[in-house]
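Below is one structure; the comments refer to it alone.
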Amino acid sequence: MATATVSHARRKPDVVEPSDPEALAAALADTAAAIAASRHPVIIAGEELHRFHLGDELLVFAHKTGIPVAATILGKSVYPESDRLYLGVYEGAMGRESVRDYVERSDCTILLGAMMTDMNLGIYTARIDRRHAISASRDRVSVGFHAYDGVHMEDFVEGLAARDWPKRDAAAYERAGRPAATPAADAPMRVETLFAQINAFLEEDDVVIADPGDALFGAADLHIAHGVRFLGPAYYCSLGFAVPAVLGVSSALPGLRPIVLVGDGAFQMSGMELGTIARYRMNPIIIVLDNAGYGTERPMLDGAFNDIHPWAFWRIPDVLGEGLGIRVETEHELAAALARARANKDAYTLIQVMLPKDDHSPALRRLTAHLAERIHKGG
């Protein structure tokens with residue numbers, strides 16, 4: 001079955017029966033009343049909008065109302081990040097302070113397709129006021145504490161997009177935007193400069209696949225323009241996802257080029273699926289963040305259990321007899337390696353980036369600072 005041909009046609013998941021029209025009308029009317037009564041509404045866009053192909057409806061709804069949009073980490077790229085209404089990723093303690101502040105000050109939080117998990121809506125923070133929250137998911141549509149049986153999320157979101165809305169005044173908020181590209185220096189690689197180069201490197205037909213750990217946390221701050229996709233397992237955060245995920249992405253959408261971000265520990269779990277990737281002539285660019293172990297765990301509880309046996313990852317193409325392997329230590333070397341990888345269109349490229357053991361992404365630094373504060377307060 002692994003090699004069986006399947007249809008690429010996209011369709012929404014089957015719905016047993018259509019939404020109850022009276023319940024749907026009531027849900028939409030109550031939503032309109034809640035938004036009209038609010039002063040500071042915000043939309044949180046989640047991964048189920050991806051799965052039900054409701055991104056266009058989300059964009060129409062946001063533009064009709066003028067309500068800013070934040071994405072969950074699972075829903076990242078469901079809303080074009082170059083759009084003027086995009087705030088950024090909301091992920092609690094790991095997120096940028098400006099996004100966190102805007103969302104948590106909201107008096108009308110509109111959660112569309114967002115799963116209520118700790119990774120999705122923020123580690124160690126849950127400051128969304130459910131009394132004034134509108135929520136639509138695969139299983140339930142609710143406004144405040146009122147639930148609407150028989151209303152399907154896709155009908156509800158399509159109803160939001162079809163409705164006539166009074167345009168709200170533009171709210172003042174800080175947008176990250178795409179950072180300007182900075183010249184590579186002759187300096188040792190650091191996590192922050194790694195992600196800065198990746199930001200400038202991304203093109204429209206790329207899809208970013210991030211493995212859990214600092215690869216995923218750092219990637220949350222990447223600017224995913226309209227057309228560039230993002231995929232990360234932020235539900236269970238199971239290590240070893242990203243390299244095998246290339247097989248699914250490249251089989252389903254061969255016109256996209258996977259840009260894989262994976263830690264050295266995660267790669268050792270399942271990275272040898274490169275053999276299958278080579279067999280089927282797929283061409284991902286795989287960037288291994290090599291900080292000599294489980295770098296995400298070290299700021300929380302360090303010990304020898306976070307260390308791993310070092311691999312010469314960049315030599316794996318020699319073993320497989322296929323692909324391009326590059327080891328980099330400096331910003332200049334990474335810039336040259338990315339250029340070679342982009343030109344290597346007919347096979348995979350593996351770039352091993354050497355990073356300090358104690359270096360972390362801004363997102364992980366924000367999280368560990370929040371943890372330290374909670375510990376200090378006895379939380």
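Computed values, structure above
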| read-out | value |
| --- | --- |
| Test: residue in region 138-155 that is in contact with a Phe, Trp or Tyr (Cβ under 6 Å, 6 or more places away or on another chain), modelled with pLDDT under 90 and under 26 Å from ALA225 (Cα atoms) | no |
| Residue tally, condition at pLDDT 65 or above, under 21 Å from VAL42 (Cα atoms) and either of a type in the set (A, V, I, L, M, F, W, C) or exposed (fewer than 11 other Cβ atoms within 10 Å of the Cβ) (or both), over region 171-186 | 1 |
| Hits in region 15-58 (condition: small (Gly, Ala, Ser) and in contact (Cβ under 8 Å) with a residue 60 or more places away in the chain) | SER19, ALA23, ALA26, ALA27, ALA32, ALA34, ALA36, ALA37, SER38, ALA45, GLY46 |
| Filter result (within 14 Å of the chain's Cα centre (by Cα) and of a type outside the set (Val, Ile, Thr)) within region 61-85 | ALA70, ALA71, LEU74, GLY75, LYS76, SER77, TYR79, PRO80, GLU81 |
| Condition met for VAL243 (assigned to a strand (DSSP E or B) and either assigned by TED's automatic domain parsing to the domain that holds GLY323 or among the hydroxyl-bearing types (Ser, Thr, Tyr) (or both)) | no |
| Pairs, first buried (at least 17 other Cβ atoms within 10 Å of the Cβ) in region 127-154, second among the aromatic types (Phe, Trp, Tyr), C-beta under 9 Å, six or more apart | ALA136/PHE156; VAL141/TYR148; VAL141/PHE156; SER142/TYR148; TYR148/PHE156; MET153/PHE52; GLU154/PHE52 |
| Strands (runs of 3 or more DSSP E) wholly inside region 267-379 that include at least 3 residues being within 16 Å of PRO244 (Cα to Cα) and modelled with pLDDT under 95 | none |
| Count of region 72-116 residues which are closer than 18 Å to LEU54 by Cβ, in a loop (DSSP other than H, G, I, E, B) and aromatic (Phe, Trp, Tyr) | 1 |
| Selection within region 319-354 - over 23 Å from TYR280 (Cα atoms) and touching a helix residue (DSSP H, G or I) at 6+ places or on another chain (Cβ under 7 Å) | ARG327, VAL328, GLU331, LEU334, ALA335, VAL353 |
| Scope region 187-196; condition touching a Ser or Thr at 6+ places or on another chain (Cβ under 9 Å) and either surrounded by fewer than 13 Cβ atoms within 10 Å (Cβ to Cβ) or not hydrophobic (A, V, I, L, M, F, W, C) (or both); matching residues | ALA187, PRO188, GLU192, THR193 |
| Residue within region 304-322 that is of a type in the set (Val, Ile, Thr) and within 20 Å of the chain's Cα centre (by Cα) present | no |
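The values are calculated or read from the model by the stated rules, or taken from the named source; none is laboratory data. Here the structure is a predicted model, which means the values were calculated and not measured. Reconstructed Cβ throughout: ideal geometry from the backbone, glycine too, with neighbour counts over all protein chains shown.
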